[in-house]
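Nothing in this text is a laboratory measurement; each read-out follows from the coordinates by a stated rule. All values derive from a computational prediction rather than experimental measurement. Positions of Cβ are backbone-derived with ideal geometry, glycine not excepted, and every protein chain shown enters the neighbour counts.
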Amino acid sequence: MSTKQPDENEQALRRQLIDVRRNLHREPELSYEEFKTTEKLRKWLTDANIQLLDLPLKTGLIAEIGRKEGPIVAIRCDIDALPIEEQTGLPFASEISGKMHACGHDFHTATILGAAYLLKAREEELQGRVRVLFQPAEETGHGAESVIASGGLDEVAAIFGLHNSPDLPVGTFGTRTGALTAGVDRFEITVKGVGAHAAYPENGVDAIVTAAQIITSLQTIVSRQSGAREPVVLSVTRINGGFTWNVLPEIVELEGTVRTYNEELRRMIPDQMTRIIEGIAAAAGAEARLHWFPGPPATINDGYWADFTKEIANQVGYEVFDIAPQMGGEDFSLYLQNIPGAFVNIGAGPAYALHHPRFDVDEAAILPAAKYFALLADQALVRLKGKCGPKSETK
Ligand SMILES: [Zn+2]
Ligand SMILES: [Zn+2]
């Protein structure tokens, strides 16, 4: 245990960050509607004398801490909530019907705000600048695009982000080199047959039987067209067609998602799907079309920086795990396409799964995570300065 004075400061910060988390938890806002959240953050940051960048962002914001010379690193959290009716019964549960911080982005925001406060307290000693990014609309998979377009990450040499993990207990930390989360794509398929009386299918073209064959055959992409060493998940999640029991409908709609880690494989899948869909439809005398909606790519952690995040986690006393890649998505991946860095999981469980109406985080994880991210950014600047200091001055 440390001396009394810092302990008291630490307790005050712990309390303050828990209050921030609960405040955000009470008033969840959906993707690109985080206006109040953004205003709160603006106030909390400016009250702490932290500089905000003037950027064309509708919601979300970026602060900057440090000295003008030297490299720039970024730490990122996401701030949006989900359209879920909360069932936790917590005293600070959502006050907005049908909306909930069910992915713990309130936890992430409190953590990164805490890191900003800690970095501000030692701003003069920093070996460069830290961009502190409060990103909107992660749940849509497109929030990172607006941040990149705003120019808020220009010149950033390394970037780090976090997600809470309900599977890891407080005090534990997980990440890995390479793919951590999957590429997330959505598709819709329209199958158009010819409607008929259910008693006389020969007078029409059965869109339902055609759709059923398409659904079954699509799984051969996973089992027959992709190597066993490259994971692919293809899930059809919605089928719409028909109105009653004695009429064959003209149209059936399907919807679903494809998850991959390998970018080359990911790019081949729409063509493979199209061949199956159009081939089966043609055989039945129907028409079918694939509509493809690309989402964020796989999150690929840089080996050097992933090891670095583990090294700092060990230093501050986390129990560090190499975790398995996940088939879920995370739009932090878009930053990593252009900036080296790493995404990490912070244990805040055990809890219900992410996006569950009873999901909660253990608030004991907030202050240690804030301290961790402050140290991570601080030490990343030291590393960068040591690695390419003189070069970065001339560039
Ligand atoms: Zn989520
Ligand atoms: Zn999330």
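Structure above, values below:
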| read-out | value |
| --- | --- |
| Karplus (6.51, -1.76, 1.60) ³J(HN,Hα), θ = phi - 60°, over the range 243-258, in Hz, Gly and Pro reported as x | 10, 7, 7, 10, 10, 7, x, 7, 10, 10, 10, 10, 9, x, 9, 10 |
| Value of [θ]222 nm, deg cm²/dmol, for the chain, DSSP H segments ≥ 4, -39500 (n - 2.57) each, nearest 500 | -12000 deg cm²/dmol |
| Dipole in debye (nearest 20) - the range 183-294, about Cα centre, beta carbon charges: Lys, Arg +1; Asp, Glu -1 | 300 debye |
| Loop-located trypsin sites (Lys or Arg not before Pro) in the range 199-306 whose Cβ has at most 11 other Cβ within 10 Å (DSSP) | Arg229 |
| Amide hydrogen neighbours beyond the local backbone of Leu53, cut-off 5 Å, H modeled | Ile62, Ala63, Glu64 |
| Fewest-first ranking of Leu254, Leu41, using other Cβ atoms within 10 Å as the exposure measure | Leu254, Leu41 |
| Qualifying trypsin sites (Lys or Arg not before Pro) in the range 54-101, DSSP loop, other Cβ atoms within 10 Å at most 14 | Lys58, Arg67, Lys68 |
| Cα Rg, Dmax (largest Cα-Cα span) when computed across the range 183-294, Å | 14.9, 47 |
| Only Lys, Arg (+1) and Asp, Glu (-1) charged, at Cβ; the chain dipole about Cα centre in debye | 740 debye |
| Cut-off under 5 Å, modelled amide H: who pairs with Glu29 long-range | Ala81 |
| The chain, relative contact order in percent, only Cα pairs under 8 angstrom and at least six apart counted | 24 percent |
| Phi-based couplings in Hz for the range 337-353 (Karplus 6.51, -1.76, 1.60; Gly and Pro marked x) | 5, 10, 10, x, x, 8, 10, 10, 10, 10, x, 9, x, x, 7, 4, 4 |
| Compactness index (Cα Rg / 2.2 N^0.38 Å), the chain | 1.13 |
| Whole-number percent relative contact order across the range 232-299, with pairs defined as alpha carbons under 8 Å at least 6 apart | 27 percent |
| Restricting the range 103-171 to trypsin sites (Lys or Arg not before Pro) in coil, as DSSP defines it, with at most 12 other Cβ within 10 Å | Arg122 |
| Amide hydrogen neighbours beyond the local backbone of Gly128, cut-off 5 Å, H modeled | Arg67 |
| Taking the range 159-272 and dividing mean pair separation by its residue count, relative contact order in percent (alpha carbons under 8 Å, at least six apart) | 34 percent |
| J(HN,Hα) series, the range 183-196, from Karplus relation 6.51 cos²θ - 1.76 cosθ + 1.60, nearest Hz, glycine and proline x | x, 10, 10, 10, 9, 10, 10, 10, 10, 10, x, 10, x, 7 |
| For the chain, share of DSSP beta bridges that run antiparallel, in % to the nearest 5 | 65 percent |
